[in-house]
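Asker: Below is the structure I would like to discuss, written out as structure tokens.
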Amino acid sequence: MTKVFVYGTLKRGGRNQRFMAGQRFITEARTPAGFTLYSLGYYPGMIRDPHDTHGVTGELWEVDDACLALLDELEGVDEKLYERVAISLAAPFVAERAQTYLYLCSLEGRAHLGATFPV
Ligand code: PCA
């Protein structure tokens, strides 16, 4: 089982929520400062941003290996659209490490969303 921090279409009520079917929602959570979101159309991309002071809001889930493999496929990890990395979370979950997807492609012309992707 793997803990995953989701911030976009994988959140509850999100367009890709079906990929999380049968997995365990743990809690709403937030990254530490240093991450921010851009809009890529109907889905967001999170990147590291050293100037960010808020972090990104999302959800902490525990998923099984089959789900994790499916998420990697959905996010285009092999195609280098997103990379899956381990991050820590902000209070009160500072002890948690979670996997999350960081966007790897160009953000030119993309709108800055900031801390939250509305589902
Ligand atoms: N799905 C992943 C990354 C971006 C997206 O839309 C997520 O919800 O975390």
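None of the figures in this text is laboratory data; all of them are computed from the coordinates on show. Values in this document were obtained by computation on a predicted structure and should not be read as measured data. All Cβ positions, glycine included, derive from the backbone under ideal geometry; neighbour counts span all protein chains shown.
Asker: Of the chymotrypsin sites (Phe, Trp or Tyr not before Pro) in the range 34-68, which ones lie in a loop per DSSP and count no more than 12 other C-beta atoms within 10 Å?
Answerer: Details: sites: 35, 38, 42, 61; in loops: 42.
Within the range 34-68, the qualifying chymotrypsin sites (Phe, Trp or Tyr not before Pro) (loop, at most 12 other Cβ atoms within 10 Å) are 42.
Asker: I want to check the label-to-label distance for residue 26 and residue 111. Put each point 7 Å from Cα in the C-beta direction and report it in nm to one decimal.
Answerer: According to this spin-label approximation, the distance is 3.2 nm.
Asker: Let me ask something additional. Cβ under 12 Å from residue 47's Cβ, residue 47 left aside: what net charge do those residues give with Lys, Arg +1 and Asp, Glu -1?
Answerer: Numbers: positive: 48, 110; negative: 49, 52, 83.
After counting each charged neighbour, the total is -1.
Asker: Calculate the dipole size of the chain relative to its Cα centre from +1 charges on Lys and Arg beta carbons and -1 charges on Asp and Glu beta carbons; express the result in debye to the nearest 20.
Answerer: On the way: 12 positive and 15 negative charges, 68 e Å.
Using only the charged Cβ atoms, the result is roughly 320 debye.
Asker: Something else about it: Shape verdict for the range 45-114, please, from the Cα gyration tensor: rounded (a/c under 1.5), prolate (a/b greater than b/c) or oblate.
Answerer: It is oblate, given that a/c is not under 1.5 and a/b is not larger than b/c.
Asker: Here's something else I'd like to know. Under 10 Å from the Cβ of residue 5, count the other residues' Cβ atoms, weight Lys and Arg +1, Asp and Glu -1, and hand me the total. Let's see the in-between values first.
Answerer: On the way: positive: 3, 30, 97; negative: 59, 96.
Net local charge, residue 5 excluded: +1.
Asker: Please report, in whole Å³, the volume per residue of the convex hull around the C-alpha atoms of the chain.
Answerer: Working: hull volume 11.3 nm³, N = 119.
It is 95 Å³ per residue.
Asker: Counting other C-beta atoms within 10 Å, and keeping those with at most 14, which DSSP coil trypsin sites (Lys or Arg not before Pro) do you find in the range 25-119?
Answerer: 80
Asker: Another question about this same structure. To the nearest 0.05, what FRET efficiency results for residue 15 and residue 95 with a Förster distance of 35 Å applied to their C-beta separation?
Answerer: 0.70
Asker: Quick one: in the range 13-70, what % of C-alpha pairs are over 14 Å apart?
Answerer: Details: 1068 of 1653 pairs.
Tail of P(r) above 14 Å: 65 percent of Cα pairs.
Asker: Determine the shape class of the range 75-119: with a ≥ b ≥ c the square roots of the Cα gyration tensor eigenvalues, call it rounded for a/c under 1.5, and otherwise prolate if a/b is greater than b/c, oblate otherwise.
Answerer: Cα axes put the range 75-119 in the oblate bin.
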